[in-house]
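Report on the structure given below.
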Amino acid sequence: MIEAFCHCGAVRLTIDNAPTEVTDCNCSICRRYGVLWAYYPTTEVQVSPPVGTDIYRWGPRTTVFHRCATCGCVTHWSAADPARRKMGVNARLMEPQVLAKARLRHLDGAVTDEYLD
């Protein structure tokens, strides 16, 4: 069981397994957030509290970015369409020793939407 939590601890994500890889995306929002995404099926992540984060949607509004309403840390993204059943957890909120074991991938989300490695 892995935990990821914001700076103040108000938002916690409990995940069944540590990520084997994380993604550094260079799209306009991810590079500004400075996040590393670990992707999971929604059934493998429990967000606590289940509501109460501030949200932000942009562009086609298919992705909902969540952040702690208290400290402002970006915690995760979810799909606007619940049938998509995939989410991204900000792996920078995990303990460094957990993150160190994951393979780092680079996604060109700005232009091609393809991995560069």
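The values are calculated or read from the model by the stated rules, or taken from the named source; none is laboratory data. Since the model is a prediction, treat every value here as computed from it, not as a measurement. A quick note on method: Cβ atoms are made from the backbone with ideal geometry, for glycine too, and the neighbour counts reach across all protein chains shown.
Pairs please, first residue from region 67-83 and crowded, with 20+ Cβ neighbours inside 10 Å, second anywhere and of a type in the set (Gly, Ala, Ser), Cβ atoms under 8 Å, 6+ apart in sequence or on different chains.
If the second residue must be of a type in the set (Gly, Ala, Ser), the pairs left are Cys68/Ala10; Thr75/Ala4; His76/Gly88; Trp77/Gly88.
In region 1-34, what residues are closer than 20 Å to Glu114 by Cα, of a type in the set (A, V, I, L, M, F, W, C) and out of contact with any Gly (no Cβ under 9 Å at 6 or more places or on another chain)?
Listed by number, the list holds a single entry, Val22.
Tell me yes or no: at least one residue of region 35-51 is touching a residue at least 60 places away in the same chain (Cβ under 8 Å), buried (at least 19 other Cβ atoms within 10 Å of the Cβ) and under 18 Å from Cys6 (Cα atoms). Spell out the reasoning first.
Filtering region 35-51 for residues touching a residue at least 60 places away in the same chain (Cβ under 8 Å) gives 36, 38.
Imposing the further condition that a residue be buried (at least 19 other Cβ atoms within 10 Å of the Cβ) reduces the set to 36, 38.
Narrowing further to those that are under 18 Å from Cys6 (Cα atoms): 36, 38.
Yes, some residue in region 35-51 is touching a residue at least 60 places away in the same chain (Cβ under 8 Å), buried (at least 19 other Cβ atoms within 10 Å of the Cβ) and under 18 Å from Cys6 (Cα atoms).
Val89 - would you say it is surrounded by 15 or more Cβ atoms within 10 Å (Cβ to Cβ), assigned to a loop (DSSP other than H, G, I, E, B), within 13 Å of the chain's Cα centre (by Cα) and at pLDDT 95 or above?
Values: surrounded by 15 or more Cβ atoms within 10 Å (Cβ to Cβ): yes; assigned to a loop (DSSP other than H, G, I, E, B): no; within 13 Å of the chain's Cα centre (by Cα): yes; at pLDDT 95 or above: yes.
Here the answer is no, as Val89 does not meet what is asked.
What are the pairs, 6+ residues apart or on separate chains, where a residue within region 105-117 that is surrounded by 10 or more Cβ atoms within 10 Å (Cβ to Cβ) has its Cβ under 7 Å from a residue that is assigned to a loop (DSSP other than H, G, I, E, B) and among the aliphatic types (A, V, I, L, M)?
His106/Leu116; Asp108/Leu116
Go through (1) farther than 13 Å from Trp77 by Cα; (2) in contact with an Asp or Glu (Cβ under 8 Å, 6 or more places away or on another chain) one by one and return the number of the condition Ala18 breaks.
(2)
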